[in-house]
Amino acid sequence: TALPISQFEAAMVETLTEACEHGDVGKLAVTAHDRSDALAVLSATHRLTADGRTVATMAMGEAGSHTRAVAPVYGSRIGYAPVDPENATAPGQYDLETLARLVESLAD
């Protein structure tokens, strides 16, 4: 049985669904305040991709930084990472080398 959907997750699913109707890839970047927010992002990603949608998702901040590496496992199609870590544009952003290594190891 599926877990009940939180209001936060429901809002993300609604936003991503609408974004997918207007573009090739629905993108959502949110700030996770705790691990449950990060889990909701991953769950919304999984729901949309299981429904055949193409999405790119990530959660910013300390509580969500791991979603940048884990979201592709749940179907997120695009990752953002600067080549040089000094050029990070968002909190919790991995540099390209680190992100590539993490995604590759999780995809195995």
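The values are calculated or read from the model by the stated rules, or taken from the named source; none is laboratory data. Only a predicted model underlies this, so the values are computations on that prediction, with no experimental measurement involved. Here Cβ is always computed from backbone atoms with ideal geometry, including for glycine, and neighbour counts include all displayed protein chains. For the accessible areas, the whole protein counts, side chains as well, though only heavy atoms, and no ligand, DNA or RNA atoms are used. Shrake-Rupley method; radii C 1.70, N 1.55, O 1.52, S 1.80 Å.
Name the residue that is least open to solvent (accessible area, probe 1.4 Å), counting only residues in segment 13-34 that are among the hydroxyl-bearing types (Ser, Thr, Tyr) and at pLDDT 95 or above. First the steps, then the outcome.
Kept after step one, since they are among the hydroxyl-bearing types (Ser, Thr, Tyr), are these residues of segment 13-34: 15, 17, 31.
From what's left, at pLDDT 95 or above: 15, 17.
Working: THR15: 72, THR17: 35 Å².
Residue satisfying both the conditions and the ranking: THR17.
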- Candidates ALA107, ALA10, filtered to the one that is modelled with pLDDT under 90 and either surrounded by fewer than 16 Cβ atoms within 10 Å (Cβ to Cβ) or among the acidic types (Asp, Glu) (or both): ALA107
- Note on the structure: Checked segment 59-96 for anything surrounded by fewer than 18 Cβ atoms within 10 Å (Cβ to Cβ), out of contact with any strand residue (DSSP E or B) (no Cβ under 9 Å at 6 or more places or on another chain) and not hydroxyl-bearing (Ser, Thr, Tyr); matches are GLU62, VAL73, PRO82, VAL83, ASP84, PRO85, GLU86, ASN87, ALA88, ASP95, LEU96
- Only one residue in VAL55, VAL41, VAL83 is in contact with a Cys (Cβ under 8 Å, 6 or more places away or on another chain) and β-branched (Val, Ile, Thr), so which one is that? VAL55
- Task: Can you confirm whether segment 46-67 contains a residue that is of a type in the set (Val, Ile, Thr) and within 16 Å of LEU99 (Cβ to Cβ)?
- Result: yes
- Item | Selection status of ALA10, within 21 Å of ARG77 (Cβ to Cβ) and aliphatic (A, V, I, L, M) | no
- Note on the structure: Pairing a residue in segment 70-81 that is at negative phi and hydroxyl-bearing (Ser, Thr, Tyr) with any residue that is open to solvent by 70 Å² or more (accessible area, probe 1.4 Å) and in a helix (DSSP H, G or I), where Cβ atoms lie under 8 Å and the two sit 6 or more apart in sequence or on different chains, gives TYR74/HIS46
- Which pairs have Cβ atoms under 8 Å, sit 6 or more apart or on different chains, and link a residue in segment 23-39 that is of a type in the set (Lys, Arg) to one that is exposed (fewer than 14 other Cβ atoms within 10 Å of the Cβ)? LYS27/ILE78
- Note on the structure: With criteria (1) under 12 Å from the mean Cα position of the chain (by Cα); (2) farther than 20 Å from MET12 by Cα, ALA69 comes up short on (2)
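Kindly evaluate SER43 against the criterion of being open to solvent by 70 Å² or more (accessible area, probe 1.4 Å), polar (S, T, N, Q) and under 15 Å from the mean Cα position of the chain (by Cα).
Values: open to solvent by 70 Å² or more (accessible area, probe 1.4 Å): no; polar (S, T, N, Q): yes; under 15 Å from the mean Cα position of the chain (by Cα): yes.
Judged against the criteria, SER43 is not a match.
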